[in-house]
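The values are calculated or read from the model by the stated rules, or taken from the named source; none is laboratory data. Quantities reported herein were computed from a predicted structural model and do not represent experimental measurements. Glycine also receives a Cβ, built like all others from the backbone with ideal geometry; neighbour counts cover every protein chain displayed. Quick note on the areas: whole protein, heavy atoms, side chains included, nothing else; ligands and nucleic acids left out. Shrake-Rupley method; radii C 1.70, N 1.55, O 1.52, S 1.80 Å.
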Amino acid sequence: MKKKKVFSGLLAFALTASLLAGCSGSSSTTEGSSSADSGKSESVAAGEEGDAQASSSGYQTTFGSKQFDDVTIQVELFDRENAPEGSTITDNKWTKYIQDEMKKIGINVEFVAVPRGDEVDKLTSMMAGGIAPDIVLTYTYSIAKDYYDQGGVWDLSEFVDGEGQAENLKKYLGEDVIDMGRTNGEELYGIVARRATTSRSNYYVRKDWLDALGLEVPTTVDEMYDMVDQMVNNNPEGRTDVIGTTIWDDGYFMAAFSKLASDPVQSLISCKLTRDYVDEGMKEFYRFRNKLYNNGLVHPEYYALPTDDYISYIVNGSMATFEDHVNSNIDSRNSYALQTLRQNYPEADLVAIPPLENIWDGEQYSTTYSAGGLIAFCPKTADAETVEACVTYLDWLCTKEGGFTISQGFEGEHFEYDEDGVPVVIDADYNTTDKNWISADLFLTGNGGYFETVDDFIKATAKQYPGYEDHFIADQEYALTGGLIEDIDDSLYTSPSQAELAADINLVRDEWLVKVITCPESDFDANWDSYMTALKDAGVETVHEERVAYFEGK
């Protein structure tokens, strides 16, 4: 049976809100690709080359290499309060499937529900109280590392790195993703999930309006401005309620204006807290937004626009262009924007367009997610045998019987293979209510579904949008076009002064960015200078200098 190890030095600290403020660095590469091995997925079975043997550490964590003796593991599960009638987040078809499969090798899986919106606060209280489950989850890597540095988290290297250890996990995740959970080059404080794709965002336009106005797809920021102006003031439907555009602070347009986009080291040093101060291109980025605002090409209260209103503008046809997450023109997060729009405007079309030329070097860049998703780690309140079972469970999730089934479902019920071996959804509505509501949160070693390569992801997922496959494929292609500026969040480095300074820096940003965007164009430069002074006074140079010392010293 499972035994809890008494951890005498239980963590009593509580992480402050300022620690959690994201310092999102970025790094530039050249092509979108998966770091995982390509080819068909085949589970690494125990005994393929003779009897399974324990590694030099004494642990056996490749699924099927060891029969456990009724060991119980507790696994955190995000609760989004979306369980269908007749099910709960911890008691449903898919949790039972996992429990039945793991019982075959002597592991009992208990799921511990944690509200998704409060997961960080809940994590802090559970760790401080010594009651955290054996597998704990977070998207904020610095939190996991802080607990490890405090001595409260297992070093998983002895359960993963040895020959014959966690072979399915190592094959599926790949070395680069696994290394994202390391500290000091060797110690492994957590297992990072691999994203099926790093595509992050698109810029969408009403193509039917673009064609009616006789305009080409814009390639520069000036051409983009002219297009938005034409759609607002001369749109083919004669509408007077058109909203020209919406823009993220750190996406499509940021890549077109950043002067650091072409410099991998400097763009890595730059982060959300410091970027406005250290990247010369950000002044021109916000000048562009100021021009849009002053000429009525964005919503007058863009900074406080409710999500429901934003979606309403898209589906009722009054939003000419907008920046949003990849595939948001056709997926459910924006109420199936194009599909809904066409109910009232059958000829309407919303398409993604390629990245604009960067104003400094004329190249194209896309901002992307990090290759890693959430991180799973094991608190020291679990004993060694329990951790061995936990890593074995994570290894199973990297097999076809584990992660693939949880993600894709069962052949004949949820999908059929096409002539190219791509799983094709049989009934999307059925899948939505039967498995999609929970599958992503159960598949802890992958974000976006179980796929060996990005191409596999695109081919399979496009099939989930019948009639809109071309939109999906184009969205994905444009989101990974040109040099890639990777959003790494806190996963690589958190400045020592960040916890102390982040709150003040973010308050300055929140106050001044509205001012610099909404002020008269003639006042922009003066407001920008005041913004830079306020950032300096809030300590932004300290954070930047610490990041320079860390990354340039590597």
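Across the stretch 208-260, what is the number of residues that are polar (S, T, N, Q) and over 31 Å from the mean Cα position of the chain (by Cα)? Before you say what the answer is, go through the steps one by one.
At the first step, the residues of the stretch 208-260 found to be polar (S, T, N, Q) are 219-220, 230, 233-235, 240, 245-246, 258.
After this cut, where a residue has to be over 31 Å from the mean Cα position of the chain (by Cα) as well, the list is 230, 233-235, 240.
Qualifying residue count for the region: 5.
Name the helices (runs of 4 or more DSSP H) wholly inside the stretch 246-323 in which the number of residues that are open to solvent by 60 Å² or more (accessible area, probe 1.4 Å) is 1 or more. Spell out the reasoning first.
On the way: elements: 252-257, 264-269, 275-278, 281-294, 307-315.
Answer list for the stretch 246-323: 264-269, 275-278, 281-294, 307-315.
Determine which member of the set Lys145, Lys96, Lys66 is of a type in the set (Lys, Arg) and part of a loop (DSSP other than H, G, I, E, B). Walk me through it before giving the result.
Numbers: Lys145 fails: part of a loop (DSSP other than H, G, I, E, B); Lys96 fails: part of a loop (DSSP other than H, G, I, E, B).
It is Lys66.
Among the residues of the stretch 334-346, is any among the basic types (Lys, Arg), at pLDDT 95 or above and under 30 Å from His299 (Cα atoms)?
Filtering the stretch 334-346 down to residues among the basic types (Lys, Arg) leaves 342.
From the residues that got through so far, the ones that are at pLDDT 95 or above too are 342.
In the following step, the residues that additionally are under 30 Å from His299 (Cα atoms) were identified as 342.
Yes: one or more hits.
Would a scan of the stretch 424-439 turn up a residue that is in a loop (DSSP other than H, G, I, E, B), open to solvent by 60 Å² or more (accessible area, probe 1.4 Å), over 30 Å from Pro264 (Cβ atoms) and out of contact with any Lys or Arg (no Cβ under 8 Å at 6 or more places or on another chain)?
Kept after step one, since they are in a loop (DSSP other than H, G, I, E, B), are these residues of the stretch 424-439: 426-427.
Then drop every residue that is not open to solvent by 60 Å² or more (accessible area, probe 1.4 Å), which leaves 426-427.
So of that shortlist, the ones also over 30 Å from Pro264 (Cβ atoms) come out as 426-427.
When the remaining residues are screened for being out of contact with any Lys or Arg (no Cβ under 8 Å at 6 or more places or on another chain), the result is 426-427.
For the stretch 424-439, residues in a loop (DSSP other than H, G, I, E, B), open to solvent by 60 Å² or more (accessible area, probe 1.4 Å), over 30 Å from Pro264 (Cβ atoms) and out of contact with any Lys or Arg (no Cβ under 8 Å at 6 or more places or on another chain): present.
Of all residues in the stretch 70-82, which are open to solvent by 40 Å² or more (accessible area, probe 1.4 Å) and out of contact with any Asp or Glu (no Cβ under 7 Å at 6 or more places or on another chain)?
At the first step, the residues of the stretch 70-82 found to be open to solvent by 40 Å² or more (accessible area, probe 1.4 Å) are 70, 74, 79-82.
Correct list: Asp70, Asp79, Arg80, Glu81, Asn82.
If we keep just the residues of the stretch 502-513 that are in contact (Cβ under 8 Å) with a residue 24 or more places away in the chain, open to solvent by 30 Å² or more (accessible area, probe 1.4 Å) and under 24 Å from the mean Cα position of the chain (by Cα), which is nearest to Thr183 (Cα to Cα)? Quick ask: steps written out before the conclusion?
Restricting attention to the stretch 502-513, the residues satisfying the condition of being in contact (Cβ under 8 Å) with a residue 24 or more places away in the chain are 502-509, 513.
When the remaining residues are screened for being open to solvent by 30 Å² or more (accessible area, probe 1.4 Å), the result is 503-504, 506-507, 509.
If we keep only those that are under 24 Å from the mean Cα position of the chain (by Cα) as well, we get 503, 506, 509.
Details: Ala503: 26, Asn506: 28, Arg509: 31 Å.
Ranking the qualifying residues of the stretch 502-513, first place goes to Ala503.
Only residues that are in contact with a Pro (Cβ under 8 Å, 6 or more places away or on another chain), touching a residue at least 24 places away in the same chain (Cβ under 8 Å) and in a helix (DSSP H, G or I): list them for the stretch 120-136, please.
Met127
Scan Leu292, Leu305 and give me the residue that is modelled with pLDDT of 95 or more and of a type outside the set (Ser, Thr, Tyr). Lay out the reasoning, then the answer.
Details: Leu305 fails: modelled with pLDDT of 95 or more.
Unique residue meeting the criteria: Leu292.
Could you check the stretch 243-271 and list, in sequence order, the residues that are farther than 20 Å from Met319 by Cβ and in contact with a strand residue (DSSP E or B) (Cβ under 6 Å, 6 or more places away or on another chain)?
Matches in the stretch 243-271: Ala255, Ala261, Pro264, Ser267, Leu268, Cys271.
Thr90 - would you say it is without any contact (Cβ under 8 Å) to a residue 40 or more places away in the chain and among the β-branched types (Val, Ile, Thr)?
Details: without any contact (Cβ under 8 Å) to a residue 40 or more places away in the chain: yes; among the β-branched types (Val, Ile, Thr): yes.
Criteria met by Thr90.
Would you pick out the residues in the stretch 367-391 that are assigned to a strand (DSSP E or B) and either modelled with pLDDT of 95 or more or open to solvent by 30 Å² or more (accessible area, probe 1.4 Å) (or both)? Give the derivation first.
Filtering the stretch 367-391 for residues assigned to a strand (DSSP E or B) gives 367-369, 372-377, 379, 382.
Correct list: Tyr369, Ile375, Ala376, Phe377, Pro379, Ala382.
In the stretch 127-153, what residues are surrounded by fewer than 19 Cβ atoms within 10 Å (Cβ to Cβ) and hydrophobic (A, V, I, L, M, F, W, C)?
Of everything in the stretch 127-153, those that are surrounded by fewer than 19 Cβ atoms within 10 Å (Cβ to Cβ) and hydrophobic (A, V, I, L, M, F, W, C) turn out to be Ala128, Ile131.
Read through the list (1) within 23 Å of Gly362 (Cα to Cα); (2) open to solvent by 20 Å² or more (accessible area, probe 1.4 Å); (3) in contact with a helix residue (DSSP H, G or I) (Cβ under 6 Å, 6 or more places away or on another chain); (4) hydrophobic (A, V, I, L, M, F, W, C), then give the number of the only condition that Leu213 fails.
(1)
Determine whether the stretch 407-418 contains at least one residue that is in contact (Cβ under 8 Å) with a residue 60 or more places away in the chain and open to solvent by 20 Å² or more (accessible area, probe 1.4 Å). Quick ask: steps written out before the conclusion?
Taking the stretch 407-418 first, the residues in contact (Cβ under 8 Å) with a residue 60 or more places away in the chain are none.
Scanning the stretch 407-418, I find no residue that is in contact (Cβ under 8 Å) with a residue 60 or more places away in the chain and open to solvent by 20 Å² or more (accessible area, probe 1.4 Å), so the answer is no.
Please list, ordered by first then second residue, the pairs with beta carbon atoms under 6 Å, 6 or more apart or interchain, first in the stretch 167-188 and without any contact (Cβ under 8 Å) to a residue 40 or more places away in the chain, second open to solvent by 10 Å² or more (accessible area, probe 1.4 Å) and in a loop (DSSP other than H, G, I, E, B).
Once the first residue is without any contact (Cβ under 8 Å) to a residue 40 or more places away in the chain and sits in the stretch 167-188, its partners that are open to solvent by 10 Å² or more (accessible area, probe 1.4 Å) and in a loop (DSSP other than H, G, I, E, B) give Glu187/Asp155.
Of Ala474, Ala499, Ala460, which residue is outside any loop (DSSP other than H, G, I, E, B), of a type in the set (A, V, I, L, M, F, W, C), within 21 Å of the chain's Cα centre (by Cα) and surrounded by fewer than 21 Cβ atoms within 10 Å (Cβ to Cβ)? Write out each step before concluding.
On the way: Ala499 fails: within 21 Å of the chain's Cα centre (by Cα); Ala460 fails: surrounded by fewer than 21 Cβ atoms within 10 Å (Cβ to Cβ).
It is Ala474.
Name the residues in the stretch 143-199 that are under 18 Å from Thr62 (Cα atoms) and of a type in the set (D, E, K, R), would you?
Asp155, Glu158, Asp161, Glu163, Glu167, Lys170, Lys171, Glu175
Can you tell which of Glu85, Glu110 is at pLDDT below 95, out of contact with any Asp or Glu (no Cβ under 6 Å at 6 or more places or on another chain) and open to solvent by 60 Å² or more (accessible area, probe 1.4 Å)?
Numbers: Glu110 fails: at pLDDT below 95.
That would be Glu85, the only listed residue that is at pLDDT below 95, out of contact with any Asp or Glu (no Cβ under 6 Å at 6 or more places or on another chain) and open to solvent by 60 Å² or more (accessible area, probe 1.4 Å).
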